[in-house]
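Trainee: Encoded as structure tokens, here's the structure I'll be asking about.
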Amino acid sequence: MAILPITVLGAPILRQETKPVTAVTDELRALADDMFETMRAAQGVGLAAPQIGRGERLCVVEVEDQAFALFNPEITERSGKIKWEEGCLSIPEVFGWVERSQWVKVRALDRNGEVIEVEGRDLLAVCLQHEIDHLHGKLFLDHLSFLKKRAAMAAWEEEKVKYPEGLRILTPGEDDHDEL
Ligand code: NI
């Protein structure tokens, strides 16, 4: 397994639509394993393929003791509302309160290519929605009001100088927040 560089805000791939996975291959299983390792190294709770520079419709999520690699995930049901202060591994040190559904049901393929359904509430629901947004080129910033988004972008202007190559290189055990 390998810890992969994370693309940061400004990378065009973060704004692109992903391509559905037609078959869960050994190569994609290995990619999912690398994404888990990368997410854990960053102390994150979710990571989507565009965040490591890949165009496949794949994300990994790990909240408490529940971990999922999800291929072609889609939300099939949702209910309730919740506000959560979100961050993103691709926008380090920038946070914003986002309103999401409090509960979602997601259908996806698992690492064996089998159809699975995952239900999540609270943080798991937030994380699933955040990662699935990534698979459609959408970031949590897009859910903020005009003024909050402007403040977040101002914070990012200060932060982004740390990533001159547009990549975030992690080392194991890096201390960070619960970013998605
Ligand atoms: Ni994110």
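Trainee: Set the bar at 26 Å for Cα to Cα. Now go through Lys105/Lys160; Lys138/Lys162; Lys19/Lys162 and name every pair that lies beyond it.
Mentor: Check vs 26 Å cut-off fails for Lys105/Lys160; Lys19/Lys162.
Trainee: Tally the DSSP beta bridges in region 35-113 and give the antiparallel ones as a percent, rounded to 5. Present the calculation step by step, with values, prior to reporting the outcome.
Mentor: Numbers: 20 of 20 bridges.
Here the share of antiparallel DSSP bridges comes out near 100 percent.
Trainee: Let's test this: bin the Cα-Cα distances of the chain at 5 Å from zero up to the farthest pair and state each bin's percent.
Mentor: Percent of pairs per bin, in order: 1, 9, 18, 22, 23, 15, 8, 3, 1.
Trainee: Just by accessible area at a 1.4 angstrom probe, what is the order of Leu167, Leu28 from largest to smallest?
Mentor: Details: Leu167 70, Leu28 10 Å².
Most to least solvent-accessible, the answer reads Leu167, Leu28.
Trainee: Can I ask one more? For region 1-44, give the magnitude of the charge dipole about the Cα centre (Cβ charges: +1 Lys/Arg, -1 Asp/Glu; no others), in debye to the nearest 20. The partial results should precede the final answer.
Mentor: Values: 4 positive and 6 negative charges, 39 e Å.
Approximately 180 debye in magnitude.
Trainee: Ignoring ligands, DNA and RNA, what percent of the 1.4 Å accessible area of region 91-149 is carbon and sulfur? Could the numbers behind the result be given before it?
Mentor: Details: 1240 of 2610 Å².
Of the solvent-accessible surface of region 91-149, carbon and sulfur hold 48 percent.
Trainee: Using just the helices of the chain, give the 222 nm mean residue ellipticity in deg cm²/dmol: DSSP H runs with n ≥ 4 each add -39,500 (n - 2.57), and the total is spread over all residues, rounded to 500. Working shown, then result.
Mentor: Numbers: 3 runs with 42 residues, N = 180.
Dividing the helical sum by the residues of the chain leaves -7500 deg cm²/dmol.
The values are calculated or read from the model by the stated rules, or taken from the named source; none is laboratory data. Keep in mind that this is a model prediction, so the values were computed, not measured. Positions of Cβ are backbone-derived with ideal geometry, glycine not excepted, and every protein chain shown enters the neighbour counts. With ligands, DNA and RNA removed, areas are computed over all heavy atoms of the protein, side chains included. Shrake-Rupley method; radii C 1.70, N 1.55, O 1.52, S 1.80 Å.
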